[in-house]
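Shown next, in structure tokens, is the structure this report addresses.
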Amino acid sequence: MSSDTPPAVAEPADQAPKPGPARSGLTAKAGLGDRIFGGSARGAAVFILVLMAAIAGFLIYQAVNAISEDKVNFLTSFTWDPDGNNTNGVPTFGIAAIAWGTLVTSLIGVLIGAPIAIAVALFITQYVPRTLGSIFGYVVDLLAAVPSVVYGLWGLLVLDQHMGGVSRLIEDVLGWIPLFKTNGTYGSSMFTAGVVLAIMILPIIAAIAREIYKQTPREQVEAAYALGATKWEMIRLAVLPYGRNGVTSAIILGFGRALGETIAVAMVLTTVPGLVTRILQPGGNTIAANIATQFADAFTTGRQALIASGLVLFLMTLLVNYAARAVIRRSAKKAGA
């Protein structure tokens, strides 16, 4: 007996209906989590922007009040007397001298600290076993945890007492350059402050450079060895070119860190009014150290003037960080190409 009804065909397992309620519940939970996380991230970003704008607005407001009462050019004058103590109450102040001291001490710190930091990073990543390298890296990173006041005390009580011989040697070799000429006295100088800054920025540069050098493609290293390169030749041909842009950014960030250092520099430097062009003899000042040492004793105009100098330091730091970001973007574009 035949039937017109076709035989039932088993439905493939991969086409079997999936339980709808459970899947939609998971999707709803995931969507809620994404919305919460996205909102939190956007809120944090907006908060940072608002905070930066508030800081900038406060500094600009105070700076305008002070600069409007200044009787000299704020950007080019070497005199710092906002309360008019030496001019019968007439505010006269400018940041040229302290901005010069800020740049000089920071540059000295970078010129000394950056090569040492790069050498430390190469030693940790290329010359010692991985386990020992991790220990060395941890020790170097500990330098970043030392408070600034400790560096200042060490620089004042220990380093400054032993800088005479080094400064004298530098003057003997480079004394024909006015920058390295002295009046016969040494110590508590911008050079000593620069050495302290070099030690303080060393762990920042070394940590970033270490992570960059670790990411050097292994095939580039093996290719250099296959061509008969020595260890140094491999580093010069494979490791250093790969990390050039990233390490440059690390150096710029270290320079920004040195620009804003306050307590350590204030403790080491012997403050001398006016422009100090000889970095080996006592004297000099920086924007941050000037704010720290004079804010408590300043009157209304003096405090507003110090805040105005803080605005200049704020802008300098922003420019340095923008330069570092520009180097990173350029590095990313080259890597993508």
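The values are calculated or read from the model by the stated rules, or taken from the named source; none is laboratory data. Keep in mind it's a predicted model, so treat the numbers as computed, not measured. Glycine gets a Cβ as well: all are built from the backbone with ideal geometry, and neighbour counts include every protein chain shown. With ligands, DNA and RNA removed, areas are computed over all heavy atoms of the protein, side chains included. Shrake-Rupley method; radii C 1.70, N 1.55, O 1.52, S 1.80 Å.
Among the residues of the range 80-91, what is the count of those that are surrounded by fewer than 17 Cβ atoms within 10 Å (Cβ to Cβ) and in contact with a Gly (Cβ under 8 Å, 6 or more places away or on another chain)?
Qualifying residue count for the region: 1.
Given (1) closer than 26 Å to Ala53 by Cα; (2) touching a residue at least 60 places away in the same chain (Cβ under 8 Å), identify the lone condition not met by Tyr322. It is condition (2) that Tyr322 fails. Can we say Asp34 is in a helix (DSSP H, G or I) and charged (D, E, K, R)? Judged against the criteria, Asp34 is a match. Looking only at residues that are surrounded by 14 or more Cβ atoms within 10 Å (Cβ to Cβ) and free of Cβ contacts under 8 Å to residues at least 12 places away in the same chain in the range 226-243, which one is nearest to Ala288 (Cα to Cα)? Here the residue is Leu240. Of the residues examined, Ala121 is one that is within 13 Å of Leu202 (Cα to Cα) and either more than 15 Å from the chain's Cα centre (by Cα) or surrounded by 12 or more Cβ atoms within 10 Å (Cβ to Cβ) (or both).
When the residues of the range 250-279 are filtered to those that are open to solvent by less than 20 Å² (accessible area, probe 1.4 Å) and assigned to a helix (DSSP H, G or I), which remaining residue is nearest to Ala206 (Cα to Cα)? Among those that are open to solvent by less than 20 Å² (accessible area, probe 1.4 Å) and assigned to a helix (DSSP H, G or I), it is Ala250. The sole residue among Leu306, Leu319 that is within 20 Å of the chain's Cα centre (by Cα) and of a type in the set (A, V, I, L, M, F, W, C) is Leu319.
Reported count of residues in the range 280-298, each being open to solvent by 10 Å² or more (accessible area, probe 1.4 Å) and either acidic (Asp, Glu) or more than 13 Å from Ile95 (Cα to Cα) (or both), is 9.
Evaluated against (1) in a helix (DSSP H, G or I); (2) closer than 16 Å to Gly283 by Cα; (3) of a type in the set (Phe, Trp, Tyr), Tyr186 falls short on exactly one condition, (1).
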